[in-house]
Amino acid sequence: MSVKSAERVLRVFELLSRKPHGLTIKEISETLSFPQSSTSGLIGTLFREGYLSLDSSNTYKLGPKLIQVGSAAMESLDISSQGFPYLKRLMEDVQETIFMAVLSDQDLVYVAKIDNNRSIRTTAQPGGQKPLYCTGLGKAFLAFMPEQKRSAILNAVELLPITKQTITDKQQLKEQLRIFQQLGYSIDDEENEEGLFCLAAPVYGADYSIQAAISVAGPKERMKKQKDHIVEKLILTSKEISVSIGYKA
């Protein structure tokens, strides 16, 4: 397989990861500006190998073999496995859903989720991606990354309204991020999913840069009732995970 073909495979995977309901071969070729003839051959190969699945309406989706690949990749992320015992204890302390995410280009990727017995429904799942500007975890990255990197990301991104609460004004978002820097944690107040309130904090590595972010998420009213307790446990946990991967305060 040529390098060009390999690049096309990656573009197909990236496209279908954003289209959970699937796409036809024609839609894939048109979206990616690939010739339909070569796209058909490429999709056929990926389907036969189990990397894509096909439904009754002739739309292709990511296939079961990618679950194995993704699971292996997530297991190889030391920060996820290293942080798991701390995240589990955090869940037990606050009795809400716990997440960990890492940065991928200009999006965050969830690498861990720990539910509790009263967890609420959420679209966030391990392996999934979300924008930075409208999530607690994403805003933790934006608030605590270097200024130059933050400016580059904010200059390139369009702040689209995900809910009625989503901040779509860049100056307002920058002001909010400055506040989060002072607080040491970030907040998502129904900005990505209605009814969901999220508190997030950064995890630093040995080079003193942010390596991941962790969050506590739950129904807004329930979260706000124990906000101080959650913030205390959240920040303690983020510091413990940071130390465990080499950060020295």
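Every number in this text was worked out from the coordinates using simple rules, so none of it is lab data. Keep in mind that what you see is a predicted model, and the values were worked out from it rather than measured. Please note: Cβ atoms are built from the backbone with ideal geometry, for glycine as well, and neighbour counts cover all protein chains shown.
A few comments on the model shown:
- Segment Glu194-Glu147, length gained on full extension (0.36 nm per residue, minus Cα span): 13.9 nm
- Pairwise Lys count, segment 3-69 - Cα closer than 20 Å, eight or more residues apart or different chains: 4
- Which labelled figure in (1) 24, 24, 17; (2) 27, 21, 18; (3) 34, 20, 19 is semi-axes √(5λ) of the Cα gyration tensor in Å, once derived from the coordinates: (3)
- Against the main long axis of the alpha-carbon atoms of the chain, helix 227-244 sits at an angle near 70°.
- Separation of alpha-carbon centers, segment 94-119 and segment 1-65, rounded to whole Å: 28
- Estimated distance in nm for a label pair at Lys164 and Lys4, the labels positioned 7 Å out from Cα along Cα-to-Cβ: 5.2
- Rounded tilt (10° steps) of 147-156 against the dominant C-alpha axis of the chain: 40
- With both labels modelled 7 Å from their Cα along Cα-to-Cβ, the Ser104 to Lys220 distance reads 3.0 nm.
- Pairs of Cα atoms nearer than 8 Å and 6+ residues apart set the relative contact order; for the chain it is 15 percent.
- Nearest-ten-degree value, helix 36-48 long axis tilted from longest Cα axis of the chain: 70
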